[in-house]
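One structure is given here, and the rest of the page talks about it.
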Protein chains: 2
Amino acid sequence: MALLVQKFGGTSVRDIGRINAVADRVAASVADGNRVVVVVSAMAGETDRLEGLGFEVAPRPPSREMDVLLSSGEQVSVALVAMALMERGCTARSGLGFQARIRTDGNHMRARIEEIDAERLHADLDSGMTPVIAGFQGINSRGDITTFGRGGSDTTAVAIAAAINADECQIYTDVDGVFTADPRIVEDARRLDVLTFEEMLELASLGAKVLHSRSVEFVGKYGVPLRVLSSFNDGPGTLITTEERSMEQLIVSGLTYQRDEAKLTVLGVPDVPGVASKILGPIGEADIEVDMIVQNTGADGSTDLTFTVRRADYERALEILDGVRGSLGARGVEGDDHIAKVSAVGVGMKSHAGVAKRMFDALARENINIQMISTSEIKISVVVAERYLELAVRAMHDAFELGTDASTEETW
Amino acid sequence: MALLVQKFGGTSVRDIGRINAVADRVAASVADGNRVVVVVSAMAGETDRLEGLGFEVAPRPPSREMDVLLSSGEQVSVALVAMALMERGCTARSGLGFQARIRTDGNHMRARIEEIDAERLHADLDSGMTPVIAGFQGINSRGDITTFGRGGSDTTAVAIAAAINADECQIYTDVDGVFTADPRIVEDARRLDVLTFEEMLELASLGAKVLHSRSVEFVGKYGVPLRVLSSFNDGPGTLITTEERSMEQLIVSGLTYQRDEAKLTVLGVPDVPGVASKILGPIGEADIEVDMIVQNTGADGSTDLTFTVRRADYERALEILDGVRGSLGARGVEGDDHIAKVSAVGVGMKSHAGVAKRMFDALARENINIQMISTSEIKISVVVAERYLELAVRAMHDAFELGTDASTEETW
């Protein structure tokens, strides 16, 4: 007898067979006495297809029209899911962004939700209706369609859950939950029962593609209990909570990695104030996102500054540095676009020393050279050569005893 | 310096190459100093694909959701056309049914337009904008998406032209205009320069698929000058006017035909009042459309009643008649689902006797048996065996001297 938001991603609605499976699942929830709001993404591949059409028309398609174009994908899937629910005897009705009154700011292709009409949803639910809401899309104050960026349907689901004060927001995906590491790399990777939202936020933003990171922010802000679970298999999935400590008391909850990274180093720049901004300013102006930044102070009054960017931005970043190098008085510029980042995440490490040491020891045992290190309260990241990525993840998974055979109550 | 509505059908926007050609054409119109509202259909094949998905989910998909599903097709094409226009330096903006405030009644899948927000379109045009409006879709008073049935984008275009008092509504298609007969059947079929809207209405409703018949009704009601022309070739097309007489002064303007017809005859029913409604009542209740009806009075106090239906409804109609036959005291039921209807249309025939005779003579010369005859003020239709269809059309085309070699000023 719960009030639930159930969100189904693209692979969960990729064809009519899968849409029928989604409808079976929702109809069973409703039959159990739950009140359910369904949120649906576009059928898998559809957003790519539409985006491709846009880029065929214009090399830089105007973002307002891209939002009109892309949002049609969710329009198709909500109609089909609503039909499939009605076919199963549910009273269902599809709702697009403008109908569900999902009000956003004016930023096309990366809009933020400002308000959702909870009253309307409550009225529908009270009348026995199962609303099927299009993810990823809203409407701005001018009545234009806006979208939230890739993965934005998660944000729709969590925002709706917050607005209607749902008991749980269930994100159905093609995985069984959140794992201690990528199961394709680590054989004994284990599904986590519970994870804090800070941990999930780090895992999502670090490339564990289970959840859109903005949706996790909503969890933190509004305290919506979130559950990631499989639309293909039954199982409890992983619960994301705002509880400070997970019940499992792990030091490290999970490992994540990002493969498509590149690093750039400006060599021998004068070690004076303002030099970092002279280097990173033009990079930011070119809309290149910088991730890790490391600076070593040299003995001779000069320093090396290294930072990482997405691999797709590497060549462009290199050109920019070559352009500003002369005015900086730098000795040279070098780079490497075959690096990867591996990170350990866990709220437990806040209060435990020795996590970094254990991690570095594990990598050293495998003779993996650490090129860069970055730490935060609940995360340690290292950059290694890309060819060592899988080896590094497996070594760390063993070192932190995250596998299925490990005790879940270790207290070292 | 005209105010124009330019409507492009599915084949005119079937791929990005064609969309670019549409944008070239509109941009040229705007560059010539015209103010243009563009109306676009879904890319060719898209509505069929979406409809197919709906029927895969539910054998009788709910019409509200079908409208959500199908209207996504136009959403894609308006976005792409607007992008292509902006790529050519035009200030363009796509508008969906809810944004252009195309208010309709509540009938899903065959809604009628009640109101269009002309002020908003005028404001956009005055600001130098070229609005690109989605055809086929509107919104009802509850905020639900409605659609107008196949060919409904023509209706959108004509309704907008009426609302903004456009100088001309141009319907771009894959043909060069309206022809005296189907050029695939009649080699020397001729493009008509001008046609009255009553003639066009008969031609459209009789199966000449150039225009949606409801859009032609708008022409009559609001006096919007309508022009049918090719988006592939240059040329003047055919102007549809409300002028009573076309400048060409033809007796018969054009021939049309319907191939997928069937006829049913109830034999030997008592010739008493009410018998026709006892036969046709159950047919109408089964949502089977009846076209022609003929009744012959017999000498023995009984009569035969014959009517035609779409071929797809033939078997069902036959079953219904078999069911009611006993209670009618009829001698029997027979039918033929290999017939076709051929019609001659022209405002000129109102004031000319002898049109029917010329038509029947032409068919007799070819030994084509006429199975049924039906006439109206500006139309004569005959039913013949389907195998004679092409022969009948060609014979009539010659008889009425409609071909390219014929004088356009005959006065017989």
Contour minus Cα-Cα span, residue B:91 to residue B:15, at 0.36 nm per residue, comes to 25.1 nm
Looks like chain A, by Cα gyration tensor root eigenvalues a ≥ b ≥ c and the a/c under 1.5 rounded cutoff (else prolate when a/b is bigger than b/c, oblate otherwise), is oblate
Straight-line reach check, residue B:379, cutoff 29 Å on alpha carbons, 8 or more apart in-chain or any other chain, hits among lysines -> B:7, B:209, B:221, B:263, B:278, B:341, B:350, B:357
The answer for the per residue Cα convex hull volume of segment A:250-301, in Å³, is 141 Å³
Both in Å, the radius of gyration and Dmax of the C-alpha trace of segment A:255-399 are 16.2, 48
Protection proxy (average C-beta count within 10 Å per residue), highest first, orders B:145-156, A:190-201 as B:145-156, A:190-201
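Just how large is the dipole of segment B:3-174 about the Cα centre, in debye to the nearest 20, putting +1 at every Lys and Arg Cβ and -1 at every Asp and Glu Cβ?
160 debye
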Answer in debye to the nearest 20: the dipole magnitude of chain A about its Cα centre, from +1 Lys/Arg and -1 Asp/Glu charges placed on Cβ, is 560 debye
Pseudo-spin-label distance residue B:187 to residue B:296, built 7 Å along Cα→Cβ, given in nm, is 3.8 nm
Once the dipole of chain B is set up from charges on Cβ (+1 Lys and Arg, -1 Asp and Glu), the residue from the list B:381, B:258, B:183 lying farthest towards its positive end is B:258
Here the correct list, in nm and shortest first, of distances from residue A:274 to the same site in the other copies, label points 7 Å along Cα→Cβ, is 10.4
Charge dipole of chain B built from unit charges on the beta carbon (Lys, Arg +1; Asp, Glu -1), centred at mean Cα; most positive-end Cα among B:138, B:153, B:308 is B:138
One decimal, nm, nearest first: from residue A:220 to the same residue in each other copy, label points 7 Å out along Cα→Cβ, the values are 6.7
Assertion target for B:179, B:55, A:360, B:136, ordered by fewest C-beta neighbours within 10 angstrom first, is B:55, A:360, B:179, B:136
Fewest to most Cβ atoms within 10 Å: B:167, B:287 sort as B:287, B:167
About its Cα centre, the protein assembly as shown carries a charge dipole, from +1 on Lys and Arg Cβ atoms and -1 on Asp and Glu Cβ atoms, whose size in debye to the nearest 20 is 560 debye
Given B:268-277, A:41-50, the highest-first ranking by average Cβ count within 10 Å works out to A:41-50, B:268-277
Between the alpha carbon centres of segment A:10-57 and segment A:149-190 the gap in Å comes to 15 Å
Computed on Cα atoms, the radius of gyration and Dmax of the protein assembly as shown in angstrom are 34.5, 124
Cα-Cα pairs in segment A:37-182 separated by more than 27 Å, as a whole percent of all pairs, come to 22 percent
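Dividing the alpha-carbon radius of gyration of segment B:101-238 by 2.2 N^0.38 Å (N being the number of residues), what value is obtained?
1.10
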Place a point 7 Å from the Cα of residue B:123 in the direction of its beta carbon; the residues of segment A:114-157 whose amide N falls under 20 Å from it are A:139-146
Within 10 Å of the Cβ of an average residue in B:94-101, the count of other chain Cβ atoms is 4
Ranking A:356, A:274, A:294 by how far each Cα lies towards the positive end of the charge dipole of segment A:255-399 (+1 on Lys and Arg Cβ, -1 on Asp and Glu Cβ), the top one is A:356
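FYI, it's all coordinate maths here, none of it is from the lab. All values derive from a computational prediction rather than experimental measurement. No Cβ is skipped: glycine too gets one built from the backbone with ideal geometry, and neighbour counts run over all protein chains shown.
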